[in-house]
Amino acid sequence: MEKRKRFGRSDGRYLKNIDPFMRFLPFIMKGRNEAAVYFTQEIDVTDLKEWLNRRNREDGADKSTAATIFHAVMAALVKTVVERPQMNRFIVGRRVYQRYQFSVAFVVKSEFRDDAKEEIVIMKFDENDTFTSVSERIRNEVHQVRVAAKENEDKRHGAVNWLNYLMNLPRFLLSGLVRLLTWVDYHGWLPRFVIEADPMHSSIFMSNLASIQVDAPYHHLYEWGTTSVFMTMGVTKKLPQVMKDGQITIRDMMNFAFTVDERISDGFYYARSIRRFKQLLEHPDQLDKPSKPGTI
C-alpha cells in the first residue's frame, strides 16, 4: 500500500514547490471571502445559439433531448480548466492544493414552481469530455434527479438528503459536529465519501439564472469546504454591439459573474483563463475538439 505523502489529502496534492508568496497568502487572508475577487464577463452568444440550433436540427432533437446553452457553458468550463489547471486549486489548512479531479456542482429544481424542492448535483469531468459527452451526461443526470424527486418527495438527492437527519439534532450537537468536521477537514482527514458527496468540496459551484430569466449576480464563496470558484450565468439580452468592421448590429449577449479565491493563482492567470472561456463560447466549434491538458 502506497504511503500517504506528508500533508496529503484524498482530494488534492499539496503544492510545496510553488511561488513562496502564493504559499504565504493563506496566512494573511485566512478566509475565502476575505480573498474573494468579483468580476463580470459579457459574452456574445449569438453564434453559439445558431450552432446549437443547427446541431439540434441535425440530431432531430426534441425539447427533452436538445442541447442547451447551459450544456455549452459547462463544456467550456471543462475545457478551460483542463487547459488551465490552476483554476482547479484550493486552499485548506493554510496550504495550497491541486485537485486530483475536476467537479462542478449546480442546483436543479424538481419543477419550476416556487414551492418545488431544489436538489444539488455534482458532476465529475476529465480531459476526454467534449461538448457531446457533457451534454448527454447532464441531460441524463438532471432527468434522473427530477424523476427521483417525483417518485419520492421526502428523499433528497446526495448530501442534501443528510440534512433530513442532521437537522433533527439539537443545536449544540449540530454546532459541535460542524466544528469537528471543519477541524478534521483542516488537517486533511475528512473521509473521501464525505468530500465526494459534498457540493462545497467541488471545483466550481455554478448557478444558471438564465433558466429563470434573471441576470447574473455575484455570489459569495463558502468558508466550509474547498470550492474556490463560484460562477453564475444570466439571461440572454439583445444589445447593440460594434463589430470588427465598425458596423453596429444587435447581438445576443450574456453576463457571467465570477467570484474567485485570489489565493489559488494570480490575476494574469485568471484573466487568460476567462479569456479562453469567452473564446470557446464565441467559437463553439472548438467545444467538440479534444482538450490538451495544461501544466501547472
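The values are calculated or read from the model by the stated rules, or taken from the named source; none is laboratory data. Here the structure is a predicted model, which is why all the values come from computation and not from measurement. Note that we place each Cβ from the backbone using ideal geometry, even for glycine, and neighbour counts take in every protein chain shown.
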| Only one of Thr40, Thr46, Thr65 is farther than 20 Å from Thr236 by Cβ and either in contact with a Gly (Cβ under 8 Å, 6 or more places away or on another chain) or of a type in the set (S, T, N, Q) (or both); which? | Thr65
| query | Restricting the range 95-115 to residues that are surrounded by 13 or more Cβ atoms within 10 Å (Cβ to Cβ) and assigned to a loop (DSSP other than H, G, I, E, B), which is modelled with the highest pLDDT? | reply | Gln101
| Extreme residue, modelled with the highest pLDDT, among residues of the range 140-175 that are surrounded by 12 or more Cβ atoms within 10 Å (Cβ to Cβ) and basic (Lys, Arg) | Arg146
| said: Checking Arg263 against (1) of a type in the set (Lys, Arg); (2) surrounded by fewer than 17 Cβ atoms within 10 Å (Cβ to Cβ); (3) touching a residue at least 24 places away in the same chain (Cβ under 8 Å): exactly one of these is not met. Which one? | reply: (2)
| request: Answer yes or no as to whether Ile69 is more than 22 Å from the chain's Cα centre (by Cα), among the aliphatic types (A, V, I, L, M) and either surrounded by fewer than 16 Cβ atoms within 10 Å (Cβ to Cβ) or under 27 Å from Met243 (Cα atoms) (or both). | output: no
| query | Quick check, is Val178 on the phi < 0 side of the Ramachandran plot, at pLDDT 90 or above, out of contact with any strand residue (DSSP E or B) (no Cβ under 6 Å at 6 or more places or on another chain) and not aromatic (Phe, Trp, Tyr)? | reply | yes
| remark: Counting only residues in the range 122-137 that are touching a residue at least 60 places away in the same chain (Cβ under 8 Å) and either among the aromatic types (Phe, Trp, Tyr) or in a strand (DSSP E or B) (or both), the one nearest to Glu83 (Cα to Cα) is identified as Phe131
| said: Conditions first: (1) in contact with a strand residue (DSSP E or B) (Cβ under 6 Å, 6 or more places away or on another chain); (2) crowded, with 16+ Cβ neighbours inside 10 Å. Ile250 passes all but one, so which condition is the exception? | reply: (2)
